[in-house]
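One structure below.
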Amino acid sequence: MDSGIVQRPHQPLEVAHQPALMRRIFEDAMPAQHIRDCAVLHARLKPGKYCLVSYRLEMERRLGDGPDSQIVTARFLLAGSSDSCFAEAQRAALNTPAFGQPVFHLRDLNAVVWAFPNDPVLTGVHALTDEERITREVAPSAVSQILGREVPVRQVTVETVQYVPERGYTVKATALTGDGQPVVFYGKTCPDVTGKLTYGRMCELWESERRRSGAFRMAQPLAYEPRHIALWQAAVEGPTLDTLRGPAAQFPPLFELAGRSIAALHQTPVSGLRRMTVADLRRRLLDTERLLREVKPLAGRFSSLVARLLEESGNPGSRPIATLHGDLAGQNLVLSTDGAVLIDFDNACAGDPLMDLGSFLSTTCSGRMMRRMPPSDLASILQAVIAGYERNVPWDVPCAALRWYIAEHLISVRARRTVVRYRGISLEEILELAESTLAGTGVMQTLATGLAAPTHP
């Protein structure tokens, strides 16, 4: 039984997910290039607009020490709309890639393709790959802030940390000072004004009393470059919470630290944050339910669960409006020698603090389930997060309210991402977890331990 597939009869999308076939198509579209291999890196569906797929092309090695691979990002558009998209892409400022043309058109597939460092949305990628520019324009100030004194910088080397087409590009920069000391910092470019807003939030959090007192830790903001929409911050070295491996007994104390850090963030005011409300969550539930109607044969169960979530959304309760991270997940908590460090404030907002806590528990559950963690070990982790959080906030953490936020996030975010990104925990597993969460059964029975009396959100 195919329990988690959205029906997609559009032939170009079937082709897009066949790397061997796309290798031949790209080779035909890139004259004088021999492509040895093709691999899909990212895929994301924008319902009613296009499907975005990025590929790594392994090229025949050229003479010298140049690169032997090329990342390309393809937008597979609705029939008849690729010509105008290609024309618009050609009018943008383009940079020369390692191989082939900056942008090209696969008309038979209704697709437009950008060759890295060119991107359909991100305009600052090339600036973050320019080591000479970073050495001149960024490193002197960044290194001086990190070391607390002015020092000469001889050179900077840059390596890619993460590239998500249209969403963000992150690099690790290693500066070599005049006396040979390496200093590491990170840069990220985002769409539109996201970087500027994030930098402002980070500066306010960095100067906050709670951060200064050590109640929570974060990466030090260093600079923002408006021209390149690039944000620079000091390095936070250590593994992220989602990469932890090893004996299960080591996890609860670390997740309890995460709960403490989240509690401290929620009590740190930040000005000008957009407000996220239960009404916003209701709207995204309805939007997700429309998408999940196409999931066969789970559509009926998804619709029933969404209807129940909408019915139980009720009164949000008396908790104060808090500063929310907005994307709490294991990859945004770094375990350093100083404890759990929060990173990536791109989605910071204001709202009910249980909204943030629920999203963290949702991503923790789905992530650990993907690795087939035993339910008893997962329960211990959930209890540790809640204990670390509840002991460090002045408000109650009602059981039913928290379960509602977890279930809502599982459907509106985790299930939706599985569909639009073509990967992740299976939709049937997400659905079962959301159903048991709302019912308070299975691993979610642990949420009743030590929590305040239930109320709806």
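The residue that is surrounded by the fewest Cβ atoms within 10 Å (Cβ to Cβ), among those in the range 244-259 that are small (Gly, Ala, Ser) and assigned to a helix (DSSP H, G or I), is Ala249.
Among the residues of the range 101-126, the ones that are of a type outside the set (Phe, Trp, Tyr) and within 22 Å of the chain's Cα centre (by Cα) come to 10 in all.
The residue that is surrounded by the fewest Cβ atoms within 10 Å (Cβ to Cβ), counting only those in the range 189-237 that are closer than 15 Å to Val270 by Cα and among the small types (Gly, Ala, Ser), is Gly200.
In this entry, Glu204 is excluded by the filter for residues that are charged (D, E, K, R) and not in a helix (DSSP H, G or I). For Thr268, the criteria (1) under 30 Å from Glu207 (Cβ atoms); (2) surrounded by fewer than 16 Cβ atoms within 10 Å (Cβ to Cβ) hold in every case but one, which is (2).
Restricted to the range 233-270, and to residues there that are among the β-branched types (Val, Ile, Thr) and under 15 Å from Ala329 (Cα atoms), the residue that is modelled with the highest pLDDT is Ile262. Checking each residue in the range 384-415 for being surrounded by fewer than 19 Cβ atoms within 10 Å (Cβ to Cβ) and of a type in the set (D, E, K, R) picks out Glu390, Arg391, Asp396.
Okay, residues lined up against (1) of a type outside the set (Gly, Ala, Ser); (2) touching a Gly at 6+ places or on another chain (Cβ under 6 Å):
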{"position": "Glu166", "(1), (2)": "yes, no"}
{"position": "Thr174", "(1), (2)": "yes, no"}
{"position": "Gln181", "(1), (2)": "yes, no"}
{"position": "Phe185", "(1), (2)": "yes, no"}
{"position": "Thr189", "(1), (2)": "yes, yes"}
{"position": "Val193", "(1), (2)": "yes, no"}
{"position": "Tyr199", "(1), (2)": "yes, no"}
{"position": "Leu205", "(1), (2)": "yes, no"}
{"position": "Ser208", "(1), (2)": "no, no"}
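Within the range 20-33, being modelled with pLDDT under 95 and touching an Asp or Glu at 6+ places or on another chain (Cβ under 8 Å) holds for one residue alone: Gln33.
Okay, residues lined up against (1) among the hydrophobic types (A, V, I, L, M, F, W, C); (2) in contact (Cβ under 8 Å) with a residue 60 or more places away in the chain:
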{"residue": "Thr243", "(1), (2)": "no, yes"}
{"residue": "Pro253", "(1), (2)": "no, yes"}
{"residue": "Ile262", "(1), (2)": "yes, yes"}
{"residue": "Gln267", "(1), (2)": "no, yes"}
{"residue": "Val295", "(1), (2)": "yes, yes"}
{"residue": "Ser303", "(1), (2)": "no, no"}
{"residue": "Ala307", "(1), (2)": "yes, no"}
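The condition of being surrounded by fewer than 19 Cβ atoms within 10 Å (Cβ to Cβ), under 29 Å from the mean Cα position of the chain (by Cα) and not assigned by TED's automatic domain parsing to the domain that holds Val161 does not hold for Leu77. Tell me, yes or no, whether the range 34-42 has at least one residue that is hydrophobic (A, V, I, L, M, F, W, C), modelled with pLDDT of 90 or more, surrounded by fewer than 16 Cβ atoms within 10 Å (Cβ to Cβ) and within 22 Å of Gln162 (Cβ to Cβ). Yes, the range 34-42 contains a residue that is hydrophobic (A, V, I, L, M, F, W, C), modelled with pLDDT of 90 or more, surrounded by fewer than 16 Cβ atoms within 10 Å (Cβ to Cβ) and within 22 Å of Gln162 (Cβ to Cβ).
In the range 313-328, the qualifying residues are those that are among the small types (Gly, Ala, Ser) and in contact with a strand residue (DSSP E or B) (Cβ under 9 Å, 6 or more places away or on another chain), and the one that is farthest from Gly187 (Cα to Cα) is Gly317.
Taking the condition of a type outside the set (Ser, Thr, Tyr), more than 18 Å from the chain's Cα centre (by Cα) and either farther than 22 Å from Thr170 by Cβ or at pLDDT 95 or above (or both), does Ala230 pass? No. For Gln70, are the conditions met, namely being modelled with pLDDT of 95 or more and in contact with a Gly (Cβ under 8 Å, 6 or more places away or on another chain)? Here the answer is yes, as Gln70 does meet what is asked.
The values are calculated or read from the model by the stated rules, or taken from the named source; none is laboratory data. This structure is a prediction, so every number in the text was calculated from the model and none was measured. Positions of Cβ are backbone-derived with ideal geometry, glycine not excepted, and every protein chain shown enters the neighbour counts.
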